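For reference, the structure discussed in these notes is given below.
What follows is calculated from the coordinates using simple rules that are stated; it is not laboratory data. Source: prediction; values computed, not measured. Reconstructed Cβ throughout: ideal geometry from the backbone, glycine too, with neighbour counts over all protein chains shown.
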Amino acid sequence: MELIKKIAVILTLVGALNWGLVGLFGFDLVAAIFGIGSLLSRIVYILVGASAVYSAVIWCRGCKVKDMVDNSQKKHIPGRMCFFILHSSGKCL
């Protein structure tokens, strides 16, 4: 399981760095390496997206809906996905 987490983090970082390059310089590193629209590029993009979802789920694992609090009003927020309001410690606010 630790190996999967490490791979997910690495792939998420690759995706974040790639988007940074696209935003700053208009340069898509994945497409430059594997070809624009190629099967390998699409696989990398799919793996990066899946890794981001997996990471969000892992970060939310200990978070329960009853633990989610809107700090501005100090009330619970039922039904919201917790990764939108995670504290930097990885726990719900």
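Laid out as a table, the results:
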| read-out | value |
| --- | --- |
| Answer residue from segment 21-32, given it is surrounded by 12 or more Cβ atoms within 10 Å (Cβ to Cβ) and part of a helix (DSSP H, G or I) and is farthest from the chain's Cα centre (by Cα) among those | Ala32 |
| In segment 33-44, residue nearest to Met1 (Cα to Cα) [restricted to those that are surrounded by fewer than 16 Cβ atoms within 10 Å (Cβ to Cβ) and under 19 Å from the mean Cα position of the chain (by Cα)] | Ile43 |
